[in-house]
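Report on one structure; see the data block that follows.
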Ligand SMILES: C[S@@+](CC[C@H](N)C(=O)[O-])C[C@H]1O[C@@H](n2cnc3c(N)ncnc32)[C@H](O)[C@@H]1O
């Protein structure tokens, strides 16, 4: 199974924040679930979630391994963790909505910049009216980083692949506006991360 140290550190701060934002019961689509640690933790911590983890086809097997091994036990009351869905945001093959929320962590800076508008448009299309798009990760403002560590991370990503890089929160909000989403909150999270909350 894949394992992320960062996930272990941020999964509980994310749970505390989602507890505040998700009216439950909630049907949630997670985009780019990676190791599945967030999916498992959040369905164990928060009640009445119907959580649908997803990944690109080439990474789906590793995600499903964790869901199969850990995703059926110790769940919070009324919560369920579904089998992992294949989803590349750049395709039109999104799962059928409506979802009460679309959550994604640490994906906008990894996927190519050209894929980010597809992420936002795809999420907007599957959200119910009033549903939330929740994006967790590092974000910059007008090209300025909020911490030296984020600037270094951004430079590192761009040295690996010019299409990767920390995204501007303003750009995300602008993309969201074009899809009919309104910004609700921009929450500071540990280690210079943020949770952008946008409503359909
Ligand atoms: C740094 S990992 C984050 C994984 C997990 N959400 C976490 O916080 O640990 C970035 C994830 O983005 C996913 N990703 C990249 N491009 C994508 C795309 N076009 N569609 C869906 N997911 C994508 C990758 O497969 C990877 O799992």
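Find how many whole Å separate the alpha carbon centroid of segment 21-70 from the alpha carbon centroid of segment 106-120. Here the answer is 19 Å between Cα centres. Sorting 73, 107, 90 by the number of Cβ atoms found within 10 Å of their own Cβ, with the fewest placed first, yields 73, 90, 107. When 154, 186 are sorted by how many other C-beta atoms sit within 10 angstrom of their C-beta, beginning with the fewest, the order is 186, 154. From least to most packed, judged by other beta carbons within 10 angstrom and beginning with the fewest, 144, 7 follow the order 144, 7. Computed over the chain, the per-residue total of -39500 (n - 2.57) for DSSP H runs of n ≥ 4 gives a 222 nm mean residue ellipticity of -11000 deg cm²/dmol, rounded to 500. A simple packing score, the average count of other Cβ atoms within 10 Å per residue, orders the peptides 158-171, 38-51 as 38-51, 158-171, with the highest score first.
Ellipsoid semi-axes for segment 13-156, based on the Cα gyration tensor and the rule √(5λ), read 24, 17, 16 Å when sorted largest first. The C-alpha atoms of the chain define a longest principal axis, and helix 60-70 lies at about 50 degrees to it. Look at the alpha carbon pairs under 8 Å that are at least 6 residues apart: their mean separation over the length of segment 5-199 gives a relative contact order of 18 percent.
Distance distribution note for segment 104-200: the fraction of Cα pairs above 23 angstrom is 20%.
Computed from the coordinates by the stated procedures, all read-outs in this text should not be read as laboratory data. Computed from a prediction, not measured in an experiment: that's the story for all the values here. Neighbour counts run over all protein chains shown; Cβ positions are idealised from the backbone, glycine included.
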